[in-house]
There are 2 protein chains.
Amino acid sequence: MTKLTGYNLIGLEGSARGEQTFLAINPSTLIPLDTTFYEATFPEIDRAIVKAEEAFLVYKSIHPEARARFLETIAEEILELDDTLIRRCMDETALPEARLIGERMRTVNQLRLFASVVRDGSWVDARIDTATPDRRPFPKPDIRQMQIPLGPVGIFGASNFPLAFSVAGGDTSSAFAAGCTVVFKAHPLHPGTSELVGKAIQEAIRKTDLPDGIFSLIHGPSEKVGMTIVEHHKIAAIGFTGSFNGGKAIFDAANKRDIPIPVFAEMGSINPVFILPGALKERNKAIAKELVGSFTLGVGQFCTNPGLVVTLKSSESDQFYQALKNETAEVGSGTMLSERIRMNYRKGVKKLKESKGIKVLASSNTPEKENNVKSRVFSTDADFFLRNKDLAEEVFGPSTLIVAAQSKEEMINVAKNLEGHLTATIQGTEQDLAGYTDLIQILERKVGRLIFNGFPTGVEVCHSMVHGGPFPATTASQSTSVGTAAIRRFSRPVCYQDFPQAALPDQLKNENSLNIWRLVNGALTKERIG
Amino acid sequence: MTKLTGYNLIGLEGSARGEQTFLAINPSTLIPLDTTFYEATFPEIDRAIVKAEEAFLVYKSIHPEARARFLETIAEEILELDDTLIRRCMDETALPEARLIGERMRTVNQLRLFASVVRDGSWVDARIDTATPDRRPFPKPDIRQMQIPLGPVGIFGASNFPLAFSVAGGDTSSAFAAGCTVVFKAHPLHPGTSELVGKAIQEAIRKTDLPDGIFSLIHGPSEKVGMTIVEHHKIAAIGFTGSFNGGKAIFDAANKRDIPIPVFAEMGSINPVFILPGALKERNKAIAKELVGSFTLGVGQFCTNPGLVVTLKSSESDQFYQALKNETAEVGSGTMLSERIRMNYRKGVKKLKESKGIKVLASSNTPEKENNVKSRVFSTDADFFLRNKDLAEEVFGPSTLIVAAQSKEEMINVAKNLEGHLTATIQGTEQDLAGYTDLIQILERKVGRLIFNGFPTGVEVCHSMVHGGPFPATTASQSTSVGTAAIRRFSRPVCYQDFPQAALPDQLKNENSLNIWRLVNGALTKERIG
């Protein structure tokens, strides 16, 4: 199987000109893994971006079928890596095999889903208004609009999904689907996994005869490596999944450029869960079990981890708390993705523990080893929560905070005071819902996804998914980073006025040879024109 | 007819608490017009925005039919103002009657077009993926996505289109169509026109029984009035048409907020025109005539004014230049919108005149009176143009700069060095086009609209229009401010997971009672589900 080189992948070449190097560390054993990785130098990054620009001029206009085949070939090449990929990824992340096999399938299916979107072709939102030459006082011109790709984009991988939100994850596949080229900044916690997937993409480029430079992989734990990409004048947009501090710094830098560019940064969320009275009455044990399953999933390292649970004080509260205690006690301790992430989690837990208004409601029985962490449930009342804004900040890891409201009004007040989040969940009976339409209305304005009687972990990759939400969950509330609508982040509209047929893109020619849906004089149709 | 009050319109009330006042000035006579206008105070602005937020909670969810009727009623009320509106607008802007009657018709048609979009309803981009409860390893949930309105938006009127890009212009009508409420900052050059149209909107609100606060009109020449709107925490987005400095200042302020918000600022453009050899050979006189008609239209005060014309030196150049001289000579002098705009135009002209590498090629024969300006054509060669970047900056007014390239390569080089603009135009034969596909490819990345054998002035309001383009033409290249796609600026996607039918918006219920197009499990259909 492929042997790791530790090189940056600049188009189809490997490159290791830098003097800064780093190693991946196994979070379970704390032992460094083999292969020295080379941080990219400025000339290497520049070369990758210049290549991406040159390749863009070709890639943006290739036939949709060729673009779809490319995405599918990446999927095949990732599967080809087989156990090599899973083993390396386990070593770098301490995530269990079954989870990574599932994540790989999600990544592969995502590439295939985007291939189907490209092949269908209707995503370009073609709009045609035909001419009326004899209109008075002025003739009406022929105007035809479609989405075109933005250019080379810079994408930053996330630590917590080393496959699905990394090198060939949602951002990369939607950018490729849109017709953009990609300069990918690998996450330093899984550089080997990144190299393996990067080489799968290189192989797909070779097999489908696409130009060198469509894809580059850049290593570098230093902030300046990422910022060099963000500030490069040939980069047209940024995709990012990670921390608020990281995303906000990129957003600010992108806005300060001579030519500001859009930044699609997904920066996390506490994903509030509201448990309504009927649900607590009917199934408080089941909810407790599912909640614990959700906030401890993957050692609590999901963007959609439910970190805040709002309940109404009632005669069922005690049973619910007791069920939470029992369920949490049974959760084993887990290894987090890195020492730094573990330390941040411990810091967050310590802060909550030391807070006067917060109680430790439950914690797992398994003792905490040096590199392992326990799951925990904290509790407080709504009044204290509302007076301490920092309690609404994300503690990345397997903990959640239960907030008990005295009344419906207090519960509504908690909702009203929330900032932007990725998701909000309502646990309730249908009768509950009818009495809480105001709560739904409030939450709609705070999040990208509303869940009823489920839990937010598990983000379905489909046409209708919204993985996004108002700031500070993202820097771009009008977009989603998961699901097929994510493709629109990397395109913009252009229109052609009175262009001859020969000079128009295929999507806008009368004959509609690609058989796409088009809005022709205001009516959606697949018919040819004339 | 309605008498002007000079008051701010805070929802359905008039309010004049401020101590700062101002007058409109007739640009032709330089005499102040009647009615003292009151700059809004902070409490007045805050009250307007709080009302807009309260009204939003109702307006966002009203039936599409009611929203469409509201837009149509605004159109009717504007027509009701009849001559009162046209007279006041002529007095405030010095624009001729026929132009304003045409602009009013465009404004009214725009409102009606958005009403048709709201009534059709498919703009919400509904996407439904139905559940597969027995999928392994995890059940597939039911997920349903649609666009929902952002909230109260702040909109800034432009000086140069006192009707079509002002109080009830494209930004306001697309925001209302999306379901947003509007706090409108009137342009201080036409406050009376603004009040009249504002009252027409108030009347439409009364007649259609919509809540107070859907619309407010704020006066104030001071920058702080506008910035108070931009920085208010309840404002969810900004629409702006105006200068680069104004738009960029708003963009920066919006990004520095605790919660940054999107800014859709259209900041102007020099709208380059490329005249290819075949066209120059076949019809240089006709092109000269149309070009002069375009850059002098409305005294050159259009965002789409063609301020740069690139030609290839050829045996036809002299004839073309002579034709430009003849045509320009016959253009009468014109009154610009304000003294400041006129002074800026004169400053721009003076700078070009004093530049060593620039010649005055043509100017109108009519002498320039104090408050009038002449049209002018300047010329230079591509080499000088490329070495002086500031020549590519917009001179707002009736002038254009002809750049003569020695070769195709030099012409391409000029194109490559352009920044973002709203439009680019190619004058050519079909044979020219075939030889200049590289030019089209370059221009596609620089602009929102490409025009063949026409001129950029005259922006058709239709489904396919793109009035936008890369920075610095706008701060939001992924959007358009004219045409029905403009509605998407004021919405964002939200999805509902496993929601009971009763709790879903009508657009996402199984029955599809609104009969809209929906993407159901990846296929576009109007069918009901189940």
Quick check: is even one residue across the range A:230-239 within 18 Å of the chain's Cα centre (by Cα), within 25 Å of A:G307 (Cα to Cα) and either in the same structural domain as A:V50 (by TED's automatic domain parsing) or in a helix (DSSP H, G or I) (or both)? yes
By my count, strands (runs of 3 or more DSSP E) wholly in the range A:423-530 with at least 3 residues that are touching a residue at least 40 places away in the same chain (Cβ under 8 Å) and at the interface with another protein chain (Cβ under 7 Å from one of its Cβ atoms) are A:491-497
How many residues of the range A:6-22 are polar (S, T, N, Q) and in a loop (DSSP other than H, G, I, E, B)? The answer is 1
Only one of B:G458, B:G469, B:G448 is of a type in the set (G, A, S), surrounded by fewer than 24 Cβ atoms within 10 Å (Cβ to Cβ), under 28 Å from B:S116 (Cβ atoms) and in contact with a Ser or Thr (Cβ under 9 Å, 6 or more places away or on another chain), namely B:G458
It is to be established whether one or more residues within the range B:44-66 are under 30 Å from B:E460 (Cβ atoms), acidic (D, E) and not in a loop (DSSP other than H, G, I, E, B). yes
| Test: residue in the range B:392-409 that is surrounded by 16 or more Cβ atoms within 10 Å (Cβ to Cβ), within 9 Å of another protein chain (Cβ to nearest Cβ) and more than 22 Å from B:A286 (Cα to Cα) | no
- What do you reckon, is A:G213 in a helix (DSSP H, G or I) and in contact (Cβ under 8 Å) with a residue 60 or more places away in the chain? no
Filter the range B:70-85 for residues that are surrounded by fewer than 19 Cβ atoms within 10 Å (Cβ to Cβ) and touching a helix residue (DSSP H, G or I) at 6+ places or on another chain (Cβ under 9 Å); the one that is farthest from B:P32 (Cα to Cα) is B:E76
Here the residues within the range A:126-149 that are more than 8 Å from chain B (Cβ to nearest Cβ) and under 33 Å from the mean Cα position of the chain (by Cα) are A:A126, A:M146, A:Q147, A:P149
Would you confirm whether or not the range B:105-117 contains a residue that is of a type outside the set (A, V, I, L, M, F, W, C), within 17 Å of B:E195 (Cα to Cα) and away from chain A (no Cβ under 12 Å)? yes
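One line per residue, one yes/no per condition, for (1) without any contact (Cβ under 8 Å) to a residue 40 or more places away in the chain; (2) touching a Ser or Thr at 6+ places or on another chain (Cβ under 6 Å):
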{"site": "B:A126", "(1), (2)": "no, no"}
{"site": "B:D129", "(1), (2)": "no, yes"}
{"site": "B:K140", "(1), (2)": "yes, yes"}
{"site": "B:M146", "(1), (2)": "no, no"}
{"site": "B:G151", "(1), (2)": "no, no"}
{"site": "B:S173", "(1), (2)": "no, no"}
{"site": "B:F176", "(1), (2)": "no, no"}
{"site": "B:A186", "(1), (2)": "yes, yes"}
{"site": "B:R206", "(1), (2)": "no, no"}
ask   = among the hydroxyl-bearing types (S, T, Y), in a loop (DSSP other than H, G, I, E, B) and in contact with a Leu (Cβ under 6 Å, 6 or more places away or on another chain) - does that describe any residue in the range B:379-386?
value = no
So, B:R376, is that one within 14 Å of another protein chain (Cβ to nearest Cβ), under 26 Å from the mean Cα position of the chain (by Cα), among the basic types (K, R) and surrounded by 15 or more Cβ atoms within 10 Å (Cβ to Cβ) or not?
no
Within the range A:294-330, the residues that are polar (S, T, N, Q) and closer than 30 Å to A:E460 by Cα are A:S294, A:T296, A:Q301, A:T304, A:N305, A:T311, A:N326, A:T328
Meets criteria (hydroxyl-bearing (S, T, Y) and more than 20 Å from the chain's Cα centre (by Cα)) for A:T525: yes
A:L30: passes all of (1) touching a residue at least 40 places away in the same chain (Cβ under 8 Å); (2) assigned to a loop (DSSP other than H, G, I, E, B); (3) within 30 Å of A:T208 (Cβ to Cβ) but (3)
Listed by first then second residue, the pairs whose first member lies in the range B:242-257 and is away from chain A (no Cβ under 13 Å), whose partner is crowded, with 17+ Cβ neighbours inside 10 Å, with beta carbons under 6 Å and at least 6 positions apart or on separate chains, are B:G242/B:A158
Inside the range B:201-225, the number of residues satisfying the requirement of being buried (at least 23 other Cβ atoms within 10 Å of the Cβ) and under 22 Å from the mean Cα position of the chain (by Cα) is 9
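Please determine, by comparing only the residues of the range A:1-47 that are of a type in the set (G, A, S) and more than 19 Å from A:D91 (Cα to Cα), which one is surrounded by the most Cβ atoms within 10 Å (Cβ to Cβ).
Checked the range A:1-47; the qualifying residue surrounded by the most Cβ atoms within 10 Å (Cβ to Cβ) is A:A40.
The values are calculated or read from the model by the stated rules, or taken from the named source; none is laboratory data. It should be emphasised that the depicted structure is a prediction, and the values quoted were computed from it without experimental measurement. All Cβ positions, glycine included, derive from the backbone under ideal geometry; neighbour counts span all protein chains shown.
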